[in-house]
Amino acid sequence: MERNITLIALFAALIAALGLVPKFDLAGGVPITAQSLGVMLAGTILGARRGALAVLLFLFLVALGLPLLAGGRGGLGVFQGPTAGFIVGFPLAALVTGWASRAWAGRGATGVLGTALAALLGGVVVLYVFGIAGFALVTDRSFGAAAAIMWVFVPGDVIKAVLAGFITQGVLRARPDLARG
Amino acid sequence: MLSLTSERRTPWHAIAAGPKMLVLLAATLGAFWIEGVGPILGFAATVAALYMPGGLVFARAGARMLAPVVPFVVVILAWHWWTGALAQGVVIVLRMVALIALANLVTMTTRLQDMLDRVDAALALLRLPQAWRRRLALAVALVIRFTPVLVQKGAALSQSWRARSRRRPGWRLVLPFALVAIDDAERVAEALRARSGEL
């Protein structure tokens, strides 16, 4: 029990830290914040239940007023903003990613591909359904019109899903104990 | 301390967290019924006026917290101007900005401990087991304690990368960064097991 709580808490702290450290450069010099990568990794590394709980804990602290979202944002205001849908979708994204990665990955060389596909399903498909719905609701427009605007962020998140595949396999090779529990 | 609560005292600091959250909830639900530029302008002006008792510095801090919304405001207004429905765009933008500002005001005038006390009271009201509440309290404390530690360790990793490479630190750092967090978690779990009873 202690181990599950500390893993969930430290992963919530990792998601926060990934949003606060200076941005990473992707191939081609495109800067991205690594926070949504942290959400995918919560699912792929900790599994569905612990991953979703880590993200929920992270959002709970954001709601309480800690500036833990990328760029030092936080407080109740972020749940009212145009990107609120993405934030609300984070825990479910981690849950689906975790479930799919346990189901698809872990068989030798297919590990990276399976994990990346799981991150793609949870961290992009599921997350964008929430993100676009939230944007449509807050800005009073149709789902299609909101999707047209959000589309530009998809390529960056697809790259993050692929990176999540590589990083997760590296982490699980270094700490094989993590897969249990 | 890692917090968005303002040090500058306002009359709102003295009000308990619970009533402030209820007013925010009511305003959020109510704002979607407001139609027309005039009424929504009145709503936004009221929210702005609520910042005034804190003085100019406080109001400026509140305005800074709205900065991330500016690109969205520009896109929404441009879109509605293009489709010939600028008035509707203004209503949407004002409602969104006013609600964010109101929520930020609650955050800026409520101490973290008061928020946590409210949550604990709500969980007690829901009759959640004492053990669950203790675990949540421990997890919250761990995140607050370890986020600055991990940021520091991340910065150290970044520095060691820069010392060895002329390229900027990239995504490869995320792997050792995750390992640092996982190893810390294992050590803390061991320490908790050694020192405490049942969790």
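See the values below:
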quantity	calculated
Backbone HN-Hα couplings from phi across the stretch B:130-136 [Karplus 6.51/-1.76/1.60, Hz, Gly and Pro as x]	3, 4, 4, 5, 5, 5, 4
Sequence ranges A:93-99, B:120-126, A:4-10, ranked by mean other-Cβ count within 10 angstrom, highest first	A:93-99, A:4-10, B:120-126
Rounded to 10°, Cα long-axis angle of helix A:84-104 versus longest principal axis of chain A	30 degrees
Cα→Cβ-extended label distance, 7 Å offset, between A:Val129 and B:Ala85, nm	2.6 nm
Rounded to 10°, Cα long-axis angle of helix A:110-120 versus longest principal axis of chain A	20 degrees
Top positive-direction residue, dipole computed over the stretch B:129-195 with Cβ charges, set B:Ser165, B:Trp132, B:Thr147	B:Ser165
Per-peptide average of other Cβ atoms within 10 Å, ordering A:62-70, A:41-49 highest first	A:41-49, A:62-70
Distance from the stretch A:128-181 to the stretch B:128-199 (C-alpha centre basis), Å	23 Å
Residue-by-residue Karplus 3J(HN,Hα) for the stretch A:133-141, coefficients 6.51, -1.76, 1.60, Hz, glycine and proline x	4, x, 5, 5, 5, 5, 9, 6, 9
Cα gyration tensor, chain B - rounded (a/c under 1.5), prolate or oblate	oblate
Per-residue average of Cβ from other chains inside 10 Å of B:3-10	3
Residue-by-residue Karplus 3J(HN,Hα) for the stretch B:146-159, coefficients 6.51, -1.76, 1.60, Hz, glycine and proline x	8, 4, x, 4, 5, 4, 5, 5, x, 5, 5, 4, 4, 5
Positive-end residue of B:Val69, A:Gly134, A:Pro91, charge dipole of the protein assembly as shown with Cβ unit charges	A:Pro91
Per-peptide average of other Cβ atoms within 10 Å, ordering B:145-151, A:15-21, A:166-172, B:51-57 highest first	A:15-21, A:166-172, B:145-151, B:51-57
Net dipole in debye of the stretch B:129-195 [+1 Lys, Arg Cβ; -1 Asp, Glu Cβ; about Cα centre; nearest 20]	260 debye
Simple label model, 7 Å out from Cα along Cβ direction - B:Arg64 to B:Arg162, nm	2.3 nm
Number of partner chain Cβ atoms within 10 Å, mean per residue of A:119-131	0
Shielding by other protein chains, A:67-76, mean Cβ within 10 Å	6
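Throughout, read-outs are computed from the coordinates displayed, never taken from laboratory work. Being a predicted model, the structure only gives us computed values, none of them experimental. Note that we place each Cβ from the backbone using ideal geometry, even for glycine, and neighbour counts take in every protein chain shown.
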